[in-house]
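Engineer: Provided herewith is a single structure, encoded as structure tokens, for subsequent inquiry.
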Amino acid sequence: MREATVKMSVLLGTIFNPARRLPGGQAFDGDMLGYFLQRLAQALVVMLVISALVFAGVYGIGNPIDVLLSPDATQAIREATIKAYGLDQPLWVQYRDFLLRLAAGDFGRSFVFNMPVLELILSRLPATLELTLLAVFGATFAGVPLGMYAGYRPDGIAARAIMAFSVLGFSVPTFWIGLVLILTFAVTLGWLPAGGRGETADLFGVPFSFLTLDGWSYLALPALNLSLFKFAMMVRLARAGTRETMLGDAVKFARAAGESEWTILHRHVLRLIAIPIVTVFGLEFGSTLAFAVVTETIFSWPGVGKLIIDSISSLDRPVMVAYLMLVAFLFILINFLVDIAYAALDPRLRAARAR
Amino acid sequence: MTALLEVRDLATHFATRTGVVRAVDGVTLSLAPGEIIGLVGESGSGKSVTGFSILGLVDPPGRIVRGSVRFEGRELVGLPHGELRSLRGRRIAMVFQDPSATLNPVLTILDQMRLALEAHERIGKAAARARAAEILTRVGIPDAGRRLDSYPHQLSGGMRQRVAIAIALLNRPALVVCDEPTTALDVSIQAQILAEMKSLARESGTALIWISHDLSTVSALASRILVMYAGRVVEEGTVGDVLSAPRHPYTRGLLDSLPSLATPGQDLRQIPGAMPSLSDPPPGCAFAPRCAHAVDACTAMPDLVGAGGRGVRCHRPLGDAP
Ligand SMILES: Nc1ncnc2c1ncn2[C@@H]1O[C@H](COP(=O)(O)OP(=O)(O)OP(=O)(O)O)[C@@H](O)[C@H]1O
Ligand SMILES: [Mg+2]
């Protein structure tokens with residue numbers, strides 16, 4: 001894993017500094033540059049399509065004017081407000097104006113919070129980011145070794161226990177586990193707080209909970225709640241991959257060369273099963289970042305998941321549109337990074353890509 | 001001369017859902033230092049399992065159920081895993097049939113060779129690289145220094161198999177089990193590798209067990225041949241004896257099906273029928289149902305009889321006066 005991260009950083013280095021070389025001695029040449037440009041163009045088209053879909057979809061779910069005004073507003077104020085927000089224009093004009101403002105970097109203002117949407121979302125993002133990172137990394141670093149062990153000794157008692165636990169993680173709904181966690185650790189035992197973010201400290205001017213001990217006590221339960229499903233998935237993936245590769249000739253040949261089981265597991269098997277793990281890691285990271293809604297609601301975690309739920313119930317159109325577009329962007333970015341990671345992990349893909 | 005390897009009555013069975021597969025069932029063979037023997041037989045006769053059993057590399061549900069493997073005076077059956085591991089790659093190595101599956105596709109050649117070196121000694125990066133380059137050159141890989149940084153998919157099948165052979169020879173083992181290493185390659189490459197293996201083995205005094213289903217390949221390389229059928233050795237002898245005067249009807253059948261020995265223009269003769277199921281073999285000689293010479297006595301298992309390394313497991317061996 002360490003080697004993979006090193007390669008990853010080398011690769012990221014090559015994106016920003018084309019003079020560097022890709023691992024494997026392959027030059028960062030015109031083909032690679034062409035590949036990046038092609039991906040960028042694809043991303044722009046996808047974003048455009050998404051923006052149209054999101055705009056039309058959000059337009060269809062109700063009239064925000066009732067949210068914007070108090071019920072006792074006069075007809076004159078009502079009409080002035082409609083005009084001010086351009087709500088009297090046909091859909092395509094509104095969309096065009098939206099795109100024009102977007103091109104200037106303006107996502108609009110939240111109806112409810114009366115502040116720029118981008119600022120609003122970015123102010124909530126760090127909370128979700130730290131929660132998600134903790135959950136996804138925790139699930140991966142615990143799930144992959146345990147899954148590999150379960151695949152290595154599939155008939156042992158420990159392997160069966162690990163698998164039974166992973167079935168639990170798969171089949172029990174998140175909200176239920178969240179409630180049980182609160183009931184157990186917050187209410188009954190009183191060890192950990194039931195909700196909120198706790199004390200934060202600033203890093204680059206952004207508040208994070210993970211920088212204080214108190215913050216960790218608030219992070220623990222929601223992160224655990226979020227990670228259980230991912231943990232179960234990582235266990236299954238690692239187990240299936242390990243079982244398969246352990247039976248293959250590559251492992252047998254390594255054994256015939258006298259390599260130890262530990263070397264075989266962490267130098268051969270881990271590298272061979274890394275691709276599906278990285279894929280799931282990326283997808284889980286993206287979807288959790290975007291939709292940690294249930295957990296954030298249960299634990300009153302002030303992240304973007306909670307923001308989007310609130311904005312839907314209050315019909316805060318600009319927040320919804322900007323948020324969904326941000327999510328789409330995030331997925332495109334993650335897919336791209338996962339693709340790059342593939343190339344770092346599997347030299348065969350690297351060759352195919354450069355061709 | 002003391003033997004390098006002595007396998008006695010080795011039996012490896014697989015406990016499967018449909019019954020016990022007796023893949024190897026009483027193999028006895030011995031090998032002097034530096035000697036090359038050929039192990040031949042058709043597909044499924046137990047050649048690979050014999051090779052894996054010698055290295056203790058049988059995967060579950062397989063298990064060595066009886067017999068002994070003595071190597072350099074040590075009993076390998078039942079040896080603790082750590083000691084066995086330290087012998088593998090250092091004193092006994094193995095090369096597999098399919099070069100595209102044996103190398104790890106996501107590691108460079110150098111990384112894989114370093115892992116094989118580091119399994120047995122502490123060795124610095126530069127020293128490992130030098131050793132790896134040297135051995136690659138010896139197995140006939142041109143421009144070895146540059147090849148070290150390649151990944152397996154960047155090499156041809158023949159080159160990959162040479163790399164696998166190089167990894168097997170890396171720690172100068174006394175014995176290499178070669179499990180059909182040239183079967184997946186085309187004929188000209190096959191001949192090259194065969195010739196190189198022969199001279200490499202002679203130079204370094206390495207003994208080889210060369211597994212093949214092809215008698216002609218083996219005869220180009222080995223001094224002695226063991227013919228396997230259904231998990232047992234049915235005939236053994238020097239290459240000359242076995243090829244010119246086969247005594248087991250099965251060996252005769254194998255020879256008759258060789259293109260190189262057939263009269264031009266004449267159809268190759270094949271052995272009729274197929275090998276019996278190893279989980280439910282017929283009583284007696286396993287070849288009897290396919291044998292033109294079978295008699296009633298063949299329903300009892302014949303012993304491997306003979307002396308001086310020449311033996312046959314048959315009630316009515318060929319060449320005997322009737
Ligand atoms: N894992 C296993 N489970 C069950 N049976 C097995 C297993 N491995 C091998 N066998 C059986 O052992 C027998 C001998 O197999 P082996 O691979 O030694 O044959 P072989 O002589 O090497 O044939 P080939 O020329 O095809 O490589 C076969 O009948 C096979 O079905
Ligand atoms: Mg075989």
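The values are calculated or read from the model by the stated rules, or taken from the named source; none is laboratory data. Since the structure is predicted, the reported quantities are computational estimates derived from the model, not experimental observations. Note that we place each Cβ from the backbone using ideal geometry, even for glycine, and neighbour counts take in every protein chain shown. These area figures cover heavy atoms from the full protein model, side chains too; ligands, DNA and RNA do not enter into them. Shrake-Rupley method; radii C 1.70, N 1.55, O 1.52, S 1.80 Å.
Engineer: Would you mind finding the one in A:Leu265, A:Leu228, A:Leu221 that is out of contact with any strand residue (DSSP E or B) (no Cβ under 7 Å at 6 or more places or on another chain), among the aliphatic types (A, V, I, L, M), within 13 Å of chain B (Cβ to nearest Cβ) and outside any loop (DSSP other than H, G, I, E, B)?
Structural biologist: Just one listed residue meets the conditions, A:Leu265.
Engineer: Out of A:Tyr149, A:Tyr85, report the one residue that is more than 30 Å from A:Phe208 (Cα to Cα) and assigned by TED's automatic domain parsing to the domain that holds A:Phe285. Lay out the reasoning, then the answer.
Structural biologist: Details: A:Tyr85 fails: assigned by TED's automatic domain parsing to the domain that holds A:Phe285.
It is A:Tyr149.
Engineer: Quick one: would you say A:Ala254 is open to solvent by less than 10 Å² (accessible area, probe 1.4 Å) and within 13 Å of chain B (Cβ to nearest Cβ)?
Structural biologist: Details: open to solvent by less than 10 Å² (accessible area, probe 1.4 Å): yes; within 13 Å of chain B (Cβ to nearest Cβ): yes.
Judged against the criteria, A:Ala254 is a match.
Engineer: I need a count of the residues in segment B:194-216 that are open to solvent by 10 Å² or more (accessible area, probe 1.4 Å), in contact with a helix residue (DSSP H, G or I) (Cβ under 7 Å, 6 or more places away or on another chain) and either within 16 Å of ligand 1 (Cβ to nearest atom) or assigned to a loop (DSSP other than H, G, I, E, B) (or both).
Structural biologist: The qualifying residues number 1.
Engineer: For segment A:52-71, name all the residues that are over 18 Å from A:Arg109 (Cβ atoms) and in a helix (DSSP H, G or I).
Structural biologist: A:Ala52, A:Leu53, A:Ala56, A:Gly57
Engineer: Taking into account only those residues within segment B:170-190 that are away from ligand 1 (no atom under 16 Å from the Cβ) and surrounded by fewer than 21 Cβ atoms within 10 Å (Cβ to Cβ), which is farthest from B:Ala222 (Cα to Cα)?
Structural biologist: By that ranking, first place goes to B:Asn171.
Engineer: If you don't mind, there's one more thing I want to ask. Which of the following residues is within 17 Å of the chain's Cα centre (by Cα) and either at the interface with chain A (Cβ under 9 Å from one of its Cβ atoms) or among the polar types (S, T, N, Q) (or both): B:Val106, B:Val95, B:Val58, B:Val69?
Structural biologist: Details: B:Val106 fails: within 17 Å of the chain's Cα centre (by Cα); B:Val58 fails: either at the interface with chain A (Cβ under 9 Å from one of its Cβ atoms) or among the polar types (S, T, N, Q) (or both); B:Val69 fails: either at the interface with chain A (Cβ under 9 Å from one of its Cβ atoms) or among the polar types (S, T, N, Q) (or both).
Exactly one residue qualifies, and that residue is B:Val95.
Engineer: Exactly one condition in (1) within 11 Å of ligand 1 (Cβ to nearest atom); (2) over 27 Å from B:Leu194 (Cβ atoms); (3) of a type outside the set (Asp, Glu); (4) open to solvent by 40 Å² or more (accessible area, probe 1.4 Å) is false for B:Gly44; which is it?
Structural biologist: (2)
Engineer: Does B:Gly51 satisfy being touching a helix residue (DSSP H, G or I) at 6+ places or on another chain (Cβ under 7 Å), within 16 Å of ligand 2 (Cβ to nearest atom) and within 14 Å of B:Val176 (Cα to Cα)?
Structural biologist: Details: touching a helix residue (DSSP H, G or I) at 6+ places or on another chain (Cβ under 7 Å): no; within 16 Å of ligand 2 (Cβ to nearest atom): yes; within 14 Å of B:Val176 (Cα to Cα): yes.
When the stated conditions are applied, B:Gly51 does not pass them.
Engineer: Additional query: From the list A:Ile332, A:Ile277, A:Ile308, exactly one residue is modelled with pLDDT of 85 or more and within 14 Å of chain B (Cβ to nearest Cβ). Which is it?
Structural biologist: Working: A:Ile332 fails: within 14 Å of chain B (Cβ to nearest Cβ); A:Ile308 fails: within 14 Å of chain B (Cβ to nearest Cβ).
When all the criteria are applied, what remains is A:Ile277.
Engineer: Could you count how many residues in segment B:47-96 are acidic (Asp, Glu) and either over 24 Å from B:Ile165 (Cα atoms) or in a strand (DSSP E or B) (or both)? Write out each step before concluding.
Structural biologist: Step one: list which residues in segment B:47-96 are acidic (Asp, Glu), which gives B:59, B:72, B:75, B:83.
Then keep just the ones that are either over 24 Å from B:Ile165 (Cα atoms) or in a strand (DSSP E or B) (or both); that gives B:75.
The number of residues fulfilling the criteria is 1.
Engineer: Can we say A:Phe299 is open to solvent by less than 30 Å² (accessible area, probe 1.4 Å) and more than 13 Å from B:Leu103 (Cα to Cα)?
Structural biologist: Details: open to solvent by less than 30 Å² (accessible area, probe 1.4 Å): yes; more than 13 Å from B:Leu103 (Cα to Cα): yes.
Yes.
Engineer: With respect to B:Arg88, is the statement that it is among the charged types (D, E, K, R), on the phi < 0 side of the Ramachandran plot and open to solvent by 50 Å² or more (accessible area, probe 1.4 Å) true? Full working, then the answer.
Structural biologist: Details: among the charged types (D, E, K, R): yes; on the phi < 0 side of the Ramachandran plot: yes; open to solvent by 50 Å² or more (accessible area, probe 1.4 Å): no.
Taking the combined requirement at face value, the residue does not satisfy it.
Engineer: Here's another thing I want to ask about it. Check off (1) more than 14 Å from ligand 2 (Cβ to nearest atom); (2) more than 14 Å from every other protein chain (Cβ to nearest Cβ); (3) within 17 Å of the chain's Cα centre (by Cα) for B:Gly44 and give me the number that stays unchecked.
Structural biologist: Here B:Gly44 meets the rest and fails (1).
Engineer: Which count do you get for residues in segment A:257-269 that are surrounded by fewer than 22 Cβ atoms within 10 Å (Cβ to Cβ) and under 29 Å from the mean Cα position of the chain (by Cα)?
Structural biologist: Of segment A:257-269, the ones surrounded by fewer than 22 Cβ atoms within 10 Å (Cβ to Cβ) are A:260-263, A:265-267.
Subsequent filtering for residues that are under 29 Å from the mean Cα position of the chain (by Cα) retains A:265-267.
Counting residues in segment A:257-269 that are surrounded by fewer than 22 Cβ atoms within 10 Å (Cβ to Cβ) and under 29 Å from the mean Cα position of the chain (by Cα) gives 3.
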